[in-house]
Amino acid sequence: MTYIEKLIQDIPELSGELLQLKTLSDRKLWHELSILVEQLFDNPLFLNSELIPFYTNFLKQFENKIDPIKFALFAITISKQYSNMEERDLFLEQCLVTLKQNLEGRMLVRFEISRNKLMTNGFEFVKELIETTQNIITEKGTSFFKTIVLSSFYNVCCLYYKGVGLFLTFTDLEKMTKEEKTQLAFELGIAALSDPKIFSFGELVKHEILIHMKDTEHEWLYQLLIAYHSGDMERYQQVIEKYSSTIEKNSIFTDKKKLLKDKLITSCLIELIFKRPSNDRNVKFEEISKALNISIEEVEFVSMKAMSLGLLKGKIDQVNKILRVTWVITRVLTNEQIKIMKNRLGLWTEKVNEKILLLENETPDLFK
């Protein structure tokens, strides 16, 4: 009995697909076979079986015949069935030999190894890989690489920098050199901008580590983060214009262009709402459009996205084209924003005093 025949007995529900696997391999139709394997790997019935024997007894026989990107993804899925992290990495290392002639396939597998290393605090290994990969991407250009490769790379970057962020929380900065502080600040800044889940930069902006980018080659990033946090479109444009030649050299601004634009617009919307008194947060689409430099038609979508991210609560009045905000996320305030709050509190105190005086004058008997 062949391995496929045994597999059919174990998973009769997939007998048709498994028989087709054997037919395609016998006919050496590698492209069609890899597509079918890909479909099987998406099927829970198949994934619940042992993938390691499937690789050893079937897939390994023609692993160098199928598309390298697909093989790399197959290898990553199979590796997760190893409970021991060392065995998992050893398997992936062996797969790198098969992919020695394909850069993108090797990159995908190395990124997976990096994710494993991060689980065992292998930060130095991952940092070196990120730097090497960034150099390769800069040299060849992002258009050279498939989207899935770039996506996987930035996923590793986000995981690494989150780990570095935890490291920063428990580390005495006084024990670090100025160069180390500057580099760490730069890495955290890039991570914050490239992470699709981060739309608030307050904690980073207020952390003492960030100041170490001032008056260095990374000054542009420091200024950019301040602009993002403050939701200041005008300040953002000034930074872009001043440091355009430096910014254009960083691939994040080509690879993550839409994400960065979305983050800026969302931050500007939050700041616009934040500056308004809590009893005056019904904002016309026209005002939002002007402040965010977007069309009237885009206002509703931007507002809905901010709500879906949990940054705002309220309702969208489509008929009157008004965003009615009932709640806005609590922010980590800069000194400038604290001044705004102070002035607002002062105005509120004056209004309260006016009401008290009015009551005293209108109903003097109550205050005797």
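A few points about this structure:
- Angle between the chain longest axis and helix 147-169 axis [Cα atoms, degrees, rounded to 10]: 60 degrees
- Using alpha-carbon coordinates, inclination of helix 257-274 to the longest axis of the chain, degrees: 30 degrees
- Stretching Phe123 away from Tyr3 to a fully extended chain increases their span by 39.1 nm, per 0.36 nm per residue minus the current alpha-carbon distance.
- Evaluated on segment 204-253, the Kirkwood hydrodynamic radius is 11.2 Å, with distances taken between all distinct Cα atoms.
- Considering segment 62-132, its Cα convex hull presents a mean projected area of 4.6 nm².
- When Rg and Dmax are taken over the Cα atoms of segment 96-241, they come to 16.6, 52 Å.
- In degrees, nearest ten, helix 233-242 long axis to first principal axis of the chain (Cα): 60 degrees
- Modelled FRET efficiency - R0 51 Å, Tyr243 with Leu357, Cβ distances, 0.05 increments: 0.45
- In segment 180-237, trypsin sites (Lys or Arg not before Pro) in a DSSP loop with at most 10 other beta-carbon atoms within 10 Å: Lys197
- Prolate/oblate/rounded call for segment 120-162, Cα gyration tensor, a/c under 1.5 rounded: oblate
- Extension reserve of the Glu63-Glu180 stretch, reckoned as 0.36 nm per residue once the Cα distance is removed: 37.8 nm
- Rg over Rh, two decimals, segment 249-322 (C-alpha only, Kirkwood Rh): 1.01
- Between amide H atoms placed 1.01 Å from N, distances below 5 Å from Trp327 occur with Lys313, all of them 5 or more places distant or on a separate chain.
- Model label zone, Gln39; criterion: amide N under 18 Å from point 7 Å along Cα-to-beta-carbon; scope segment 1-15: 8, 11-15
- Pairs spanning more than 27 Å between alpha-carbon atoms, out of Lys249/Lys305; Lys80/Lys127; Lys60/Lys127; Lys214/Lys263: Lys249/Lys305; Lys60/Lys127.
- Here the extension length gained between His31 and Asp10 equals 5.0 nm, from 0.36 nm per residue of separation less the Cα-Cα distance.
- Within the accessible surface of the chain, defined with a 1.4 Å probe on protein heavy atoms only, the carbon and sulfur portion equals 53 percent.
- Comparing the chain with the 2.2 N^0.38 Å rule of thumb, its C-alpha radius of gyration ratio is 1.34 (two decimals).
- Per residue, in Å², the accessible surface of the chain once ligands and nucleic acids are set aside, probe 1.4 Å: 58 Å²
- Estimated 222 nm signal from helices in the chain, with DSSP H stretches of n ≥ 4 weighted -39500 (n - 2.57), rounded to 500: -21000 deg cm²/dmol
- Over all distinct Cα-Cα pairs of segment 1-114, the Kirkwood formula returns a hydrodynamic radius of 14.4 Å.
- Gaussian network model of the chain, Cα within-10 Å springs - most flexible of Leu292, Leu272, Leu40: Leu40
The values are calculated or read from the model by the stated rules, or taken from the named source; none is laboratory data. Keep in mind that this is a model prediction, so the values were computed, not measured. In this analysis, Cβ positions are derived from the backbone assuming ideal geometry, glycine residues included, and neighbour counts consider all displayed protein chains. When the accessible area is computed, the model is the full protein with side chains, heavy atoms only, and any ligands, DNA or RNA have been set aside. Shrake-Rupley method; radii C 1.70, N 1.55, O 1.52, S 1.80 Å.
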